[in-house]
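In what follows, a structure is listed as structure tokens, so that the remarks can point back to it.
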């Protein structure tokens, strides 16, 4: 192992640990002022950020990166403005730190309460998307957490430019040094070192493909919040409104196919298939979607390629859609249970009881009735930016906003009580 790199990361960890002690005590006004200054800096340095991103894009194309990942990596004026707006949106959200969750009084007179406190130091390991650098810095700052960021090598120049802008914005402010830090190397060994930084990191959050997430979950000694792969499904029930179903599916597949909340498998009730699949299929094909279907799907859609077992398991992150005709709601539920990744699942139906059953039986972070899976997002849920979408059940689940970056501390008021 590279001892110099290890010592450099440990030094960052020590700096972050000290920063976290001070951040946890900062008033909301000071944190909000810093966030607004960071938003202005991102906009003011747009040209430098886009120039750095262009270098990353050229390198990524040269390495044959897929279209979906190129889309995640790409920054433009609109996306830079979106990053700045995310900082402003977090600034106006209520500060959860110090919030009294509840209080109660015991028979012996002790007053016991729960208050929200920061997690401490957050480690982020993520791929391709430079906006995560801004989102993570914003959410961690607002919640009084220091953060150490390890972005993907493909976005290194973009991330360096973003961190430079954010750092200059808060230079000379009351924000402690080391509040947000970027690991400025593309060496993969840096990730392995982060796995061992239990003395400095309170939690690791991976955000990216299945390979990255499993590597972190399986190897880290630091506690992990697992963000999920999105093998998302939409089930068109026999009572579905055909026009509504078509619009939802087209949106969920084509609006932005390279993200984790895009639909990857469409399930259609057999009684509805002949009515909806030919028209829906033609529209999807016209939009560039490759359809891989079961035998019945192929009979209704000659353009469809035969689906394999692997197709039901795949998060494509591309304009590819697996389609299966099912006999019943029961079969749809069983398929989702077997192949879903507990991210986002949807039913299109006008039957209240079927909708309720779907909501109750589907085990996922987000379950929809008559809406696109593309809404699984912190901003769309009114949470401001998000640091990731958790598909696990411990501590956090779904889009992770401010509250999920806090923990609980018990506070106890007494007047001389002793335990007998």
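The values are calculated or read from the model by the stated rules, or taken from the named source; none is laboratory data. From a predicted model like this one, the values you see are computed outputs, not experimental measurements. Here Cβ is always computed from backbone atoms with ideal geometry, including for glycine, and neighbour counts include all displayed protein chains.
From the set of residues in the stretch 202-230 that are at pLDDT 90 or above, under 20 Å from residue 120 (Cα atoms) and in contact with a helix residue (DSSP H, G or I) (Cβ under 7 Å, 6 or more places away or on another chain), which is surrounded by the fewest Cβ atoms within 10 Å (Cβ to Cβ)? That would be 221. You will find that of 388, 379, the residue that is buried (at least 22 other Cβ atoms within 10 Å of the Cβ) and either touching a strand residue (DSSP E or B) at 6+ places or on another chain (Cβ under 6 Å) or in contact (Cβ under 8 Å) with a residue 60 or more places away in the chain (or both) is 388 and no other.
No other residue among 29, 44, 58 is assigned by TED's automatic domain parsing to the domain that holds residue 69, out of contact with any helix residue (DSSP H, G or I) (no Cβ under 7 Å at 6 or more places or on another chain) and over 24 Å from residue 88 (Cβ atoms) apart from 58. Within the bounds of the stretch 243-260, is there any residue that is in a strand (DSSP E or B) and either touching a strand residue (DSSP E or B) at 6+ places or on another chain (Cβ under 8 Å) or assigned by TED's automatic domain parsing to the domain that holds residue 347 (or both)? For the stretch 243-260, residues in a strand (DSSP E or B) and either touching a strand residue (DSSP E or B) at 6+ places or on another chain (Cβ under 8 Å) or assigned by TED's automatic domain parsing to the domain that holds residue 347 (or both): absent.
As a summary of the residue check, residue 302 satisfies the conditions (1) part of a loop (DSSP other than H, G, I, E, B); (2) closer than 20 Å to residue 231 by Cα except for the one numbered (2).
Residue count for the stretch 345-376 satisfying the condition of being in contact with a strand residue (DSSP E or B) (Cβ under 6 Å, 6 or more places away or on another chain) and under 24 Å from residue 139 (Cβ atoms): 5. The set of residues from the stretch 391-406 being surrounded by 14 or more Cβ atoms within 10 Å (Cβ to Cβ) and within 21 Å of residue 118 (Cβ to Cβ) comprises 392, 396, 397, 398, 399, 400, 401, 402, 403, 404, 405, 406. Restricting attention to the stretch 338-372, the residues being without any contact (Cβ under 8 Å) to a residue 40 or more places away in the chain, surrounded by 16 or more Cβ atoms within 10 Å (Cβ to Cβ) and either outside the structural domain of residue 253 (by TED's automatic domain parsing) or part of a helix (DSSP H, G or I) (or both) number 2.
Within the stretch 105-120, is even one residue in contact with a helix residue (DSSP H, G or I) (Cβ under 8 Å, 6 or more places away or on another chain), part of a helix (DSSP H, G or I) and assigned by TED's automatic domain parsing to the domain that holds residue 186? No, the stretch 105-120 has no match at all. Taken over the stretch 304-330, the criterion of being surrounded by fewer than 17 Cβ atoms within 10 Å (Cβ to Cβ), farther than 18 Å from residue 68 by Cβ and touching a helix residue (DSSP H, G or I) at 6+ places or on another chain (Cβ under 9 Å) is satisfied by 305, 306, 327, 328. Entry remark, the stretch 2-18: residues being touching a residue at least 12 places away in the same chain (Cβ under 8 Å) and closer than 18 Å to residue 150 by Cα number 11 in total. Selection of strands (runs of 3 or more DSSP E) fully inside the stretch 155-238 by the criterion of at least 3 residues being within 23 Å of residue 128 (Cα to Cα) returns 180-182, 203-207.
Give the residues of the stretch 134-159 that are touching a residue at least 40 places away in the same chain (Cβ under 8 Å), within 18 Å of residue 15 (Cβ to Cβ) and touching a helix residue (DSSP H, G or I) at 6+ places or on another chain (Cβ under 8 Å), sorted by residue number. Passing the criteria: 137, 140, 141, 144, 145, 146, 147, 148, 150. When the stretch 237-274 is examined, which residues are found to be free of Cβ contacts under 8 Å to residues at least 40 places away in the same chain and more than 13 Å from residue 348 (Cβ to Cβ)? Result: 271, 274. Consider residue 313 carefully, then state whether it is under 30 Å from the mean Cα position of the chain (by Cα), at negative phi and either without any contact (Cβ under 8 Å) to a residue 12 or more places away in the chain or not assigned by TED's automatic domain parsing to the domain that holds residue 272 (or both). Spelling it out, it is not the case that residue 313 is under 30 Å from the mean Cα position of the chain (by Cα), at negative phi and either without any contact (Cβ under 8 Å) to a residue 12 or more places away in the chain or not assigned by TED's automatic domain parsing to the domain that holds residue 272 (or both).
A quick yes/no check of all residues on (1) crowded, with 16+ Cβ neighbours inside 10 Å; (2) more than 21 Å from residue 395 (Cα to Cα):
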{"site": "61", "(1), (2)": "no, yes"}
{"site": "104", "(1), (2)": "no, yes"}
{"site": "124", "(1), (2)": "yes, no"}
{"site": "151", "(1), (2)": "yes, yes"}
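The helices (runs of 4 or more DSSP H) located wholly in the stretch 6-97 that include 2 or more residues which are modelled with pLDDT under 95 and under 30 Å from residue 120 (Cα atoms) occupy 67-73, 77-92.
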